[in-house]
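Let me begin by presenting the structure, written as structure tokens, before commenting on it.
The values are calculated or read from the model by the stated rules, or taken from the named source; none is laboratory data. Model, not experiment: these values are computed from the prediction. When we count neighbours, we look across all protein chains shown, and the Cβ atoms used for this are built from the backbone with ideal geometry, even at glycine.
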Amino acid sequence: MNDLKNLTSDEIHGQISEWDLPAYRAGQILSWLFEKRVRDVEAMTNLPALLRDRLRASYSLHSLECVRKQGSKDTTQKFLWKLPDGQFIESVLIPANPALYGDASDRHTLCVSSQVGCAYGCRFCASGLEGWKRNLEPFEIVEQVIRSEQEGGHKVNNIVFMGMGEPLANYENLLRALSLLNAPWGLGIGARKMTLSTSGLVPRIRDLARQPLQVRLAISLHGATDEVRNRIMPVNKKHPLAELVQACRDYQHGKDRMITFEYILIEGVNDQIAHADDLGRLCEGLKVKVNLIPYNKVEGLPWVRPSEKVQEAFAARVRHHGVTATLRREKGHDIDAACGQLRLKELNVSGSPPAIE
Ligand code: SAH
Ligand code: SF4
């Protein structure tokens, strides 16, 4: 049964008109779903009982159950959700950095998951350890925002698709979720306040370029040569770096679109000065900013983060090429905020180190 919160305003209007009911009923339903955010059709008290029965007979209205919560209201908070079919996903609510936005900032970023598990198997990542289970439905993405606001006590005004899963591998549901999140009748979050992160699904990046909704794009680069990328990201064998960079170029062509390159620093893999030079050269001619992220240790995996000295030297060398690079002091290290880690604990899986090719 389709979930009521998978439907767009047009589809709800279509259903209401098909049932020969007045159009304002659709507006009432949307308001119950996205403003008052009820979890049961029975709570939609201004609808006639007959309409409520009909809705219940035709659609489900599922919510996410919060099974674990870490952190406190003033810090990074992490939520583990149980989905209607018993699978687990996670979201992380991150307050604004006071150094950047001031103490009074009410800017809260939610990091959402897009799939249960991930099929892309990047060697350093907890999300791929257990393989891919399934795509999230649009409502399961939207519900992460709604439920995090309820459980976390803050309004979410920024969304990054950097939780579990590869968002562009769940393309249709992702687009639908984005429009529910963006629509004025939905959650009303501006497109420029949403960032998609991808490991480099070139054909989908090209599809995305043709979308009217101008969300931000982040590329998980992590290596500036095929040699490094092939070693840690299997997706690079399918879509090598030159192809990925060309897709980024085309994505930006003639438009004022900045792309972010995410680059995790992993000791002995991609953290040498020569790697920084490779990265600097790769960025030339692209409108990019680089986010350098010290690797977040994953239990069971062999990788470690380089020392702060090495991190700083790497950042300085990238900047030397005229590239904007920030070294992210990531939050939530203490609460397993790296994607996929909390779920792994819940499943009680200790990942065995994948072979390095
Ligand atoms: N699948 C998408 C989005 C989810 S991963 C992607 O790969 O872009 C979100 C980001 O977290 C990616 O940049 C990913 O490489 C990074 N990441 C994964 N494991 C990490 C770890 N242990 N430490 C730091 N960043 C990690
Ligand atoms: Fe999947 Fe992204 Fe993790 Fe790679 S980094 S395994 S694409 S979630």
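Quick notes on this one:
- Qualifying residue in the stretch 246-265 (condition: away from ligand 2 (no atom under 16 Å from the Cβ), in contact (Cβ under 8 Å) with a residue 24 or more places away in the chain and farther than 16 Å from K287 by Cβ): no
- Residue match in the stretch 290-308 (condition: over 22 Å from C122 (Cβ atoms) and either within 16 Å of ligand 1 (Cβ to nearest atom) or not aromatic (F, W, Y) (or both)): yes
- Candidates A218, A242, filtered to the one that is more than 21 Å from H320 (Cβ to Cβ) and within 16 Å of ligand 2 (Cβ to nearest atom): A218
- Qualifying residue in the stretch 219-232 (condition: aliphatic (A, V, I, L, M), crowded, with 21+ Cβ neighbours inside 10 Å and closer than 18 Å to K255 by Cβ): yes
- Helices (runs of 4 or more DSSP H) enclosed by the stretch 214-295 - at least 1 residues per element that are β-branched (V, I, T) and over 20 Å from the mean Cα position of the chain (by Cα): 226-232, 241-252, 273-283
- Inter-residue pairs, beta-carbon under 7 Å, first over 26 Å from G131 (Cβ atoms) and assigned to a helix (DSSP H, G or I) and in the stretch 146-174, second more than 10 Å from ligand 2 (Cβ to nearest atom) and charged (D, E, K, R), 6+ apart: I146/R37; E149/K155; E151/K69
- Tally of residues being among the aliphatic types (A, V, I, L, M), within 12 Å of ligand 2 (Cβ to nearest atom) and within 16 Å of M194 (Cα to Cα) across the stretch 125-163: 1
- Evaluation of Y120 against (1) within 16 Å of ligand 1 (Cβ to nearest atom); (2) part of a strand (DSSP E or B) (one fails), failing number: (2)
- Any hit, the stretch 117-124, residues being away from ligand 2 (no atom under 16 Å from the Cβ) and surrounded by 18 or more Cβ atoms within 10 Å (Cβ to Cβ): no
- The stretch 269-281, subset buried (at least 19 other Cβ atoms within 10 Å of the Cβ) and touching a Phe, Trp or Tyr at 6+ places or on another chain (Cβ under 8 Å), residue farthest from G254 (Cα to Cα): V269
- Between E267, E312, the distinction of being modelled with pLDDT of 80 or more and away from ligand 1 (no atom under 15 Å from the Cβ) belongs to E312 only.
- Of the residues making up the stretch 177-213, those that are within 14 Å of ligand 1 (Cβ to nearest atom) and under 16 Å from the mean Cα position of the chain (by Cα) are M194, T195, L196, S197, T198, S199, G200, L201, R204, I205, L208.
- Among residues of the stretch 184-213 that are part of a strand (DSSP E or B), those with a beta-carbon under 9 Å from a residue that is among the small types (G, A, S) at least six positions away or on a different chain give the pairs T195/A218; L196/S114; L196/A218; S197/A218; S197/S220; T198/A169; T198/A218; T198/S220.
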